[in-house]
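J.: This is the structure I want to talk about, given as structure tokens.
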Amino acid sequence: MSRIGKHPIAVANGVAITVDDHQVVTVKGPKGTLSQRVSSEMLLEQKDGQLTVTRKGDSKQQRSLHGLTRTLINNMVLGVTTGFEKKLEIVGTGYKAQMQGNKLVLNVGYSHPVEFEQGDGISFEVPAPTKITVKGIDKQKVGQIAANIRGTRPPEPYKGKGIRYAGEHVAQKEGKTGK
């Protein structure tokens, strides 16, 4: 039995989970609606405010999909109730971020500013010129947008300048010695 897959998913009040004939799971909650197609090898049962995921057989593929399916549905439930966020920090002289309308504008050492659009349930906050918060209900999209922002100027190993996740440790290398 999967260690993760055997745990039931707690369905909070105000959250509705539906499964149609094509194994598309739709989760509706106070923050929005998410849907995900799951494998037909998985069985979903909902009772007493909990959703359980079980598998039809015991093949290697079914065992590998068991925990994944449970985690995906759990992330959808968490997303429509509390949401997800990733925090980024900008390190470097003159590097900054700001909001212009619904765009995030980054000045990170290029000859031009780099812009990111809000949309698809993703929003940006800039509490300080060197801090960015990416928020949304879809965990995968929040993580991908945060990775795209970090990818515009990843932290370099000599001075540590660039965009990094909050709390991320960047290993510093020693520079060349003169000779």
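The values are calculated or read from the model by the stated rules, or taken from the named source; none is laboratory data. What you see is a predicted model, and the numbers here were worked out from it, not measured in a lab. Counting neighbours? That spans all protein chains shown, and the Cβs are built from the backbone with ideal geometry, glycine included. Protein only, heavy atoms only, side chains kept; ligands, DNA and RNA dropped before computing areas. Shrake-Rupley method; radii C 1.70, N 1.55, O 1.52, S 1.80 Å.
J.: Identify the single condition in (1) assigned to a helix (DSSP H, G or I); (2) modelled with pLDDT of 95 or more; (3) surrounded by fewer than 19 Cβ atoms within 10 Å (Cβ to Cβ) that Lys87 does not satisfy, given that it satisfies every other one.
T.: So Lys87 meets the others, but not (1).
J.: What about Leu106, is it in contact (Cβ under 8 Å) with a residue 60 or more places away in the chain and hydrophobic (A, V, I, L, M, F, W, C)?
T.: Considered against the rule, which asks whether it is in contact (Cβ under 8 Å) with a residue 60 or more places away in the chain and hydrophobic (A, V, I, L, M, F, W, C), Leu106 comes out as no.
J.: Additional query: Among (1) of a type outside the set (Asp, Glu); (2) touching a Lys or Arg at 6+ places or on another chain (Cβ under 9 Å); (3) surrounded by 14 or more Cβ atoms within 10 Å (Cβ to Cβ); (4) closer than 30 Å to Asn74 by Cα, there is one condition Gly162 misses while meeting the rest; what is its number?
T.: Here Gly162 meets the rest and fails (4).
J.: List every residue pair whose Cβ atoms sit under 9 Å apart, with the two residues 6 or more apart in sequence or on different chains, where the first one lies in the range 47-68 and is on the phi > 0 side of the Ramachandran plot and the second, anywhere, is exposed (fewer than 11 other Cβ atoms within 10 Å of the Cβ).
T.: What qualifies is Gly49/Asn13.
J.: Within the range 114-133, identify whether any single residue is in a strand (DSSP E or B), under 16 Å from the mean Cα position of the chain (by Cα) and touching a residue at least 40 places away in the same chain (Cβ under 8 Å), and answer yes or no.
T.: yes
J.: Scan the range 90-113 residue by residue and report those that are charged (D, E, K, R) and either open to solvent by 70 Å² or more (accessible area, probe 1.4 Å) or not in a strand (DSSP E or B) (or both).
T.: Across the range 90-113, the qualifying residue is only Lys96.
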